[in-house]
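> One structure, pasted below without further comment.
The values are calculated or read from the model by the stated rules, or taken from the named source; none is laboratory data. All values derive from a computational prediction rather than experimental measurement. Please note: Cβ atoms are built from the backbone with ideal geometry, for glycine as well, and neighbour counts cover all protein chains shown. For the accessible areas, the whole protein counts, side chains as well, though only heavy atoms, and no ligand, DNA or RNA atoms are used. Shrake-Rupley method; radii C 1.70, N 1.55, O 1.52, S 1.80 Å.
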Amino acid sequence: MNVRKKYLDFFKAKGHDIVASSPLVPDDATLLFNNAGMVPFKSIFTGEIPTPNPPRATSCQTCLRAGGKHNDLENVGHTSRHHTFFEMLGNFSFGDYFKSQAIDYAWEFVTKELNFSKEKLYVTVHDSDDEAWDLWLKHVDESHLKRMGDADNFWQMGDTGPCGPCSEIFIDQGADNFSGEDDYFGGEGDRFLEIWNLVFMQYERDKSGKLTPLPKPSIDTGMGLERVVAVSEGKISNYDSSLFMPIIDEVAKLTNSTYEYESGASYRVIADHIRTSVFLLAQGINFSNEGRGYVLRRILRRAVRHGYLLGLRDAFMYKLVDVVVSLLSDVYPYLKEKSPAVKESIKLEEERFFKTISDGIALFTKELANTKDTFSGEVAFKLYDTYGFPLDLTEDMLKEKKISLDVKKFDELMAKQKASSKAAWKGSGDAQNDGDFKTLLERFGQNEFVGYSSKQTSSKVLALLDEDFKIIDEISSGKKAWILLDKTPFYAESGGQSGDCGVLKNFAKVLDTKKFHGLNLSKIELDKTLKVEDIVECFVDISRNEIEKHHSATHLLHATLFDILGDHISQAGSFNDASKLRFDFSHPKAMSKEELEKVEDIVNRSITQGIEQVTKIQSVDEAKNSGAKAQFGEKYGSDVRVVSFGDVSVELCGGTHVKNTSSIGTFIITKESGVSAGVRRIEAVCGEAAYKYFKEQRAVLNDAIASLKTTDVNHGITKLKEQVKTLKNELVESQNSLSVELKESMISDVKVIVDELKNGDIKAKIDDLKNQNEKLAVMLFQVKGEKVLIAAGSKNSNVKAGDWIKNIAPILGGGGGGRPDFAQAGGKDASKLPDALEKSMNYVKEVL
């Protein structure tokens, strides 16, 4: 049974518009991820934007709960129903139908479409909602109805705003599998499983807590797809359903083991987390140490650790991507398109973590042996800082042992090291969500952008807003405000292109242009009083020409990277203004000098060929079928602009461009760097900015010629390098020639030296000592600023240099290793040198 399709088709037949799932990253600055089906409709429910037509919708929304207020991460794998990534089915009424129809629709769907037994269905209502109680009595016996309080059956979006009672539908999974003391209707057990929540938004709550009835109450419902699929397949755990078992079976193959539910938490964690990782990566989120990228890293590393528990010692998660794609790409086609890049990113991240996981677990196990009640915050921080263990992974491991963690100490160390990174994430989207946008949309609709064809117009002032986006009638000289024009030549920042500036002749400077809920608004600074309905002459600043050069060059760059590096390339972000372009793209490694030169050459060849720009208006499907590249997460209407430069580049794009590539002038790559794991960034300049860059580089070259006193700069630098090398060698020889007395002792018949070498090359010194002694165990330390160099050597003794240094380096806050006869490391804390010297001698005494 295709529950997803059945649900959407059912509500489409009831007059609902099917709305495609929004990206996991929401247009909401208050949220890390879309965590519920109603999030994409929040602006409609709160009245920020007008009600759509028809005023009812249905969707299957991808959701993620792994951070912030809604965080199911620690429960995943240990319960039958918690997930980080899940799909939420929902039907929504925006001031249209209310309780009666919502209840009737729900009952019809679960009993006639899903064919769930009426005898197994139970319903809860809010204890004050007599209306819902009476409506449900038409469908269920009173013995299957229960009133519940605010904690269970009252929903609110925030402390203030729309809210209301809700009604939840449960299914009895039977006493055979559930017989705990909480397994009763209304209890916390799993026997009575909630499958659908109907929210009746009928009140507005003010700051005092007072509830006022809404003139047009609304409906918001949520049905977890994973739960309903499991129930429809007769499974008591979501993980036993067809959505998860193919992944779990593949994990069993990779581990050469048999999955059993009672001991299979690790399999379930992996199955859940690979789904989440694939969707986040496919939607353009990449591994990083902050924000959403860090949530992704935590999730993947948590899964890798569970793979480690199952005996896996090499990257394996990337091998599960194809299973996820086969299960879900029919509904989400971008998964298949992005799968090569997703696999590459996951593999790189896994390999990075596998390099440190065994040493980290060894340190964890060692500390655990010395822990009674509370695990050391210092060690937890070291696991995070040195071995890449996210804090919640360490907490997860401790939870299994029923041991607490000194989080206070961990937080203290984290704050000390990363004082500049206090914010865990930065939201996205418009922060100005309480302005008068709804009023403007209802009064005027979206204003017209005419900047594709004209950079100057005569326009009427439809509205003026203060800096808090509140409507005002006029603005006096010297003040700043936002202006809504009936038609505007000013491009609003979007799609990576910066917003236009310019002038309203004789009235104001245009400082910037942005889009809010589809309204194109320009920020202005007044030279003269301006009123609503005034007519103004609008002129876009000449800087637009330079912006367009960079934007068009970005398209040429994207196409060239795709051709040179492969079809795994996908855009991960971009920015174009008058002075530069920045393009982020998925690629597993740094580009070589040869690759960068080739890309630069090909882009410049496209520029000199003078290719005409052609723009067509097509449907999204027509555009994609023609091969046009689209960026995931961009909001496209039913018709889209397709910008082409011959057959070199074809992209969906709402931005402005040069009419011919020859207008770009020159394209110069200034930098290639890594943004995060699997994501590279190219920065480049064009047009006037390229000329400025050339002048700056010429000035640098002329300075070098003057300093080196030769026009052959390479020869001059080579000569200087040789002089420096000669002087270094002379210095080393001089230092090594100094008579240095080191502390020596004999243990058995082995000469033992553990000491600090103030000057000289410690590796060379150890080599000299080996040549001078038949049996030797030596460890030397050298302080360089706040850091410490460590080297150990062994000759004809039982001491293994690599093991020795692994035991001592952590004392100095470092790490390293090597062969049994020689090893070296680095430390970060020179203040611990006396302790390291003492423990180093104790270690060698024990071994010998």
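> Mind checking whether some residue in segment 355-377 is under 24 Å from the mean Cα position of the chain (by Cα), surrounded by 17 or more Cβ atoms within 10 Å (Cβ to Cβ), outside any loop (DSSP other than H, G, I, E, B) and not small (Gly, Ala, Ser)?
There is at least one residue in segment 355-377 that is under 24 Å from the mean Cα position of the chain (by Cα), surrounded by 17 or more Cβ atoms within 10 Å (Cβ to Cβ), outside any loop (DSSP other than H, G, I, E, B) and not small (Gly, Ala, Ser).
> Considering Tyr387, Tyr332, Tyr318, which residue is open to solvent by 20 Å² or more (accessible area, probe 1.4 Å) and in a loop (DSSP other than H, G, I, E, B)?
That would be Tyr387, the only listed residue that is open to solvent by 20 Å² or more (accessible area, probe 1.4 Å) and in a loop (DSSP other than H, G, I, E, B).
> Taking only segment 286-310 into account, find how many residues are in a loop (DSSP other than H, G, I, E, B) and either open to solvent by less than 20 Å² (accessible area, probe 1.4 Å) or at pLDDT 90 or above (or both).
So the count comes out to 1.
> Right, next: Considering Ser574, Ser579, Ser552, which residue is surrounded by 15 or more Cβ atoms within 10 Å (Cβ to Cβ), polar (S, T, N, Q) and assigned to a loop (DSSP other than H, G, I, E, B)?
Exactly one of Ser574, Ser579, Ser552 is surrounded by 15 or more Cβ atoms within 10 Å (Cβ to Cβ), polar (S, T, N, Q) and assigned to a loop (DSSP other than H, G, I, E, B), namely Ser579.
> Quick check: anything in segment 127-142 basic (Lys, Arg) and surrounded by 18 or more Cβ atoms within 10 Å (Cβ to Cβ)?
no
> Would you tally the residues in segment 81-121 being part of a strand (DSSP E or B) and closer than 26 Å to Ser21 by Cβ?
9
Here is a yes/no grid of residues against (1) open to solvent by 40 Å² or more (accessible area, probe 1.4 Å); (2) more than 17 Å from Phe200 (Cβ to Cβ); (3) of a type in the set (A, V, I, L, M, F, W, C); (4) in contact (Cβ under 8 Å) with a residue 24 or more places away in the chain:
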{"position": "Thr160", "(1), (2), (3), (4)": "yes, yes, no, yes"}
{"position": "Gly164", "(1), (2), (3), (4)": "no, no, no, yes"}
{"position": "Ala175", "(1), (2), (3), (4)": "yes, yes, yes, no"}
{"position": "Gly187", "(1), (2), (3), (4)": "no, yes, no, no"}
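> May I ask you to list the residues in segment 468-504 that are among the hydrophobic types (A, V, I, L, M, F, W, C), within 23 Å of Ile547 (Cα to Cα) and not in a strand (DSSP E or B)?
Matches in segment 468-504: Phe490, Ala492, Cys501.
> Looking at Glu595, Glu622, can you tell me which residue is under 30 Å from Ser21 (Cβ atoms), open to solvent by 40 Å² or more (accessible area, probe 1.4 Å) and assigned to a helix (DSSP H, G or I)?
Glu622
> Just the residues that are under 19 Å from Ile790 (Cα atoms) and either more than 51 Å from the chain's Cα centre (by Cα) or part of a strand (DSSP E or B) (or both), please, taken from segment 742-761.
Leu742, Lys743, Glu744, Lys751, Val752, Ile753, Val754, Asp755, Glu756, listed by residue number.
> Filter segment 477-529 down to residues that are small (Gly, Ala, Ser) and open to solvent by 30 Å² or more (accessible area, probe 1.4 Å), then give me how many there are.
4
> While we're on this one: Sort out for me the strands (runs of 3 or more DSSP E) sitting completely within segment 648-720 that have 2 or more residues that are open to solvent by 50 Å² or more (accessible area, probe 1.4 Å).
Filter on segment 648-720 gives 667-676, 679-686.
> Would you be able to tell me the number of residues in segment 114-144 that are within 44 Å of the chain's Cα centre (by Cα), among the aliphatic types (A, V, I, L, M) and over 17 Å from Pro217 (Cβ atoms)?
Total meeting the criteria: 3.
> Which residues, taken from segment 1-53, are assigned to a strand (DSSP E or B) and surrounded by fewer than 17 Cβ atoms within 10 Å (Cβ to Cβ)?
Correct list: Asp17, Ile18.
> Here is a further query. Cβ-Cβ distance below 6 Å, separation of 6 or more or different chains: which pairs start in segment 327-347 with a residue that is aromatic (Phe, Trp, Tyr) and end on one that is open to solvent by 10 Å² or more (accessible area, probe 1.4 Å)?
Taking only residues 6 or more apart or on different chains, the pairs are Tyr334/Phe632.
> Which numbered condition trips up Val750, out of (1) within 30 Å of Val844 (Cβ to Cβ); (2) in contact with a helix residue (DSSP H, G or I) (Cβ under 7 Å, 6 or more places away or on another chain); (3) of a type in the set (Val, Ile, Thr)?
Here Val750 meets the rest and fails (2).
> Name the single residue, out of those in segment 762-786 being under 47 Å from the mean Cα position of the chain (by Cα) and buried (at least 17 other Cβ atoms within 10 Å of the Cβ), that is nearest to Trp804 (Cα to Cα).
Among residues in segment 762-786 that are under 47 Å from the mean Cα position of the chain (by Cα) and buried (at least 17 other Cβ atoms within 10 Å of the Cβ), the one nearest to Trp804 (Cα to Cα) is Met779.
> Would you call Gly627 surrounded by fewer than 15 Cβ atoms within 10 Å (Cβ to Cβ) and not charged (D, E, K, R)?
Against the criterion (surrounded by fewer than 15 Cβ atoms within 10 Å (Cβ to Cβ) and not charged (D, E, K, R)), Gly627 qualifies.
> A follow-up question, please. Applying the selection to segment 819-837, what residues are farther than 18 Å from Lys765 by Cα and in contact (Cβ under 8 Å) with a residue 40 or more places away in the chain?
If the condition is that a residue be farther than 18 Å from Lys765 by Cα and in contact (Cβ under 8 Å) with a residue 40 or more places away in the chain, then Gly827, Lys828, Asp829, Ala830, Leu833, Ala836 are the ones that fit.
> Please verify whether segment 301-308 includes one or more residues that are closer than 26 Å to Val675 by Cβ, small (Gly, Ala, Ser) and touching a His at 6+ places or on another chain (Cβ under 9 Å).
yes
> I'm checking my understanding of the structure. Among residues of segment 447-467 that are exposed (fewer than 13 other Cβ atoms within 10 Å of the Cβ) and in a loop (DSSP other than H, G, I, E, B), which one is nearest to the chain's Cα centre (by Cα)?
Glu467
> Kindly evaluate Glu696 against the criterion of being within 30 Å of Asn545 (Cα to Cα) and in contact (Cβ under 8 Å) with a residue 12 or more places away in the chain.
No: the conditions fail for Glu696.
> Determine which single condition Ala590 fails, assuming it passes every other condition in (1) aliphatic (A, V, I, L, M); (2) open to solvent by 10 Å² or more (accessible area, probe 1.4 Å); (3) modelled with pLDDT of 95 or more.
Result: Ala590 fails condition (3) only.
> Just give me the residues in segment 200-254 being open to solvent by less than 10 Å² (accessible area, probe 1.4 Å) and among the aromatic types (Phe, Trp, Tyr), in sequence order.
Correct list: Phe200, Tyr239, Phe244.
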